[in-house]
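Worksheet: the structure to be examined is printed underneath.
Nothing in this text is a laboratory measurement; each read-out follows from the coordinates by a stated rule. Bear in mind that the values here come from a model prediction, so they are computed numbers and not experimental data. A quick note on method: Cβ atoms are made from the backbone with ideal geometry, for glycine too, and the neighbour counts reach across all protein chains shown.
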Amino acid sequence: MDILVINGPNLNLLGAREPDIYGSDTYEDLCKLITDYCEKEKINVYFYQSNHEGSIVDRIQEAMNDGTDGIVINPAAYTHTSVAILDALKAVKIPTVEVHISDVDEREEFRKLSYVSLVALKTIKGKGFEGYLLAIDFLKNFISDLKNND
Ligand code: DQA
């Protein structure tokens, strides 16, 4: 099973960026946590981080042809603005789970709107880095069920 983990703008600055909200662990720590978990679960995991909306759209489109079974995405600020990322996820039809490190519902009003939620099978928020592992777990079960019913 191949899972692609996409992180949007400013998540490369984890650890340095608003540690009171996002914690003091870095983006590299996040990737290691996920890699170790996926190794145990026998999942192939790939990472992509970009600060550019169009590059994220391009990477989602590539996933259509590279064997990706599931996508975990934290679109960061693009969550609240990007119809382009929503449309790309709709176009590729790959099962997707949305993750937010913080609880976006408990913050500013504008963070309550998520375009990606319209296509995501599930949204996990406010669980810190652990949220990515919960998303992978959910996708693993969802994709195995899909494959078993084929
Ligand atoms: C975030 C929440 C977004 O509102 C914010 O713009 C981010 C990170 C989160 O992981 O909690 O950059 O997606």
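Structure summary
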| quantity | calculated |
| --- | --- |
| Efficiency of FRET between His52 and Asp137 - r from beta-carbon atoms, R0 25 angstrom, step 0.05 | 0.30 |
| Amide H partners (placed H, <5 Å) of Val5, local residues excluded | Tyr46, Phe47, Tyr48, Val72 |
| Convex hull of Cα atoms in segment 46-129, direction-averaged projection (nm²) | 5.2 nm² |
| Segment 38-68: GluC sites (Glu not before Pro) in DSSP loop, at most 11 other beta carbons within 10 Å | none |
| Distance violations [Cα-Cα > 25 Å] among Lys90/Lys122; Lys93/Lys140; Lys112/Lys140 | Lys112/Lys140 |
| Hydrodynamic radius (Kirkwood) for the chain, which is based on Cα pairs only, to one decimal in Å | 15.3 Å |
| Using θ = phi - 60° and Karplus 6.51 cos²θ - 1.76 cosθ + 1.60, couplings along segment 7-24 (whole Hz; Gly, Pro as x) | 10, x, x, 6, 6, 5, 9, 3, x, 9, 8, 5, x, 5, 9, 9, x, 9 |
